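Here's the structure, in C-alpha cells; my notes come after.
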C-alpha cells in the first residue's frame, strides 16, 4: 500500500485509485456486518471469541485503510511502522479465525448454506491465501507497483464473509461460498480494468491474485468430498455435537421464531 513505482510508468493519479479502493472495500465490510446486526442475526451478546474475531478483522480493515492513506499522503515513517504492526497483526487474525471456524464446526453451528466439511476447509484456505499474498506484498515493499496491488489482492481473499452477508446466500446453494468469492473478485477485476485503461497493460500482480482466489475456491471444492476431507472433519468434530452432523450435507434452514 505504497505509491506505485515510476518504473512501471504509472501516473501520479494512480495513487488515488488504491486509497479509494481501500475505502470502498472497508465500506463493503462495514455495510455487510452492519446489515447482519440490523436484521437481528447478530448481537453484542455473542460469545467472547466472536468479539475477538471482530476486533482482529476490523482492526485489519482500519490498518488497511490507514496504510493506503499514508502511502499517498505520508508520513512514510509512520506508514513503515504501521506496516510492521500489520504484519504482526495477521497472526492475531489467524488465531481468531481458526477459533471461530473450529468452534462453529464442532458445535454444529456452521451456516446452513455451507456444508460443514467444506466450511472447515475453504475458510482456512481463504485465510492462508490472504496471509500469503499480504506477506508477498510486505516482502516486495520496495517494488511499490507489486506492493500496492498484492495488498489489495490479499484483502480480496477475506472479503467473502462481507459479501456473504450481502448476497442471498440461501438461494445460492450449493455454490454459496463460491458466489461470495466471485463477488469479491470484482475488486481485482476493477484493478485490472483500471490498469488497462490508464497504462494500456494489466500488471501481473492482478493475475496472481485472481489465480490465488479461484485456485482456493477450486481446491476447497475438490478436497471437501475426499477421504482427506472426511478424516479432517471427523477428527475435528470427534466428541462434540458436530459429530452427529454429516460433513457434506446442508443443514435445514433455521425456523423463524
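The values are calculated or read from the model by the stated rules, or taken from the named source; none is laboratory data. Quick caveat: nothing in here was measured; it's all calculated off a predicted structure. Virtual Cβ from ideal backbone geometry, glycine too; neighbours counted across all protein chains shown.
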*asked:* Looking at region 158-194 only, could you name the residues that are in contact (Cβ under 8 Å) with a residue 60 or more places away in the chain and over 25 Å from residue 131 (Cβ atoms)?
replied: 170, 173, 174, 194
*Could you tell me whether any residue of region 212-227 is farther than 22 Å from residue 64 by Cα, more than 23 Å from the chain's Cα centre (by Cα) and assigned to a helix (DSSP H, G or I)?*
yes
*Can you pull out the residues in region 195-204 that are surrounded by fewer than 18 Cβ atoms within 10 Å (Cβ to Cβ) and more than 19 Å from residue 135 (Cβ to Cβ)?*
196, 197, 198, 199, 200, 201, 202
*Can you find a residue in region 183-191 that is over 21 Å from residue 164 (Cβ atoms), modelled with pLDDT of 95 or more and surrounded by 19 or more Cβ atoms within 10 Å (Cβ to Cβ)?*
yes
*Scanning region 11-28 for residues that are over 22 Å from the mean Cα position of the chain (by Cα) and part of a helix (DSSP H, G or I), which turns out modelled with the highest pLDDT?*
16
*asked:* Just to be sure before I move on: is residue 207 in a helix (DSSP H, G or I), modelled with pLDDT of 95 or more and either crowded, with 22+ Cβ neighbours inside 10 Å or touching a strand residue (DSSP E or B) at 6+ places or on another chain (Cβ under 6 Å) (or both) in the structure I sent?
replied: no
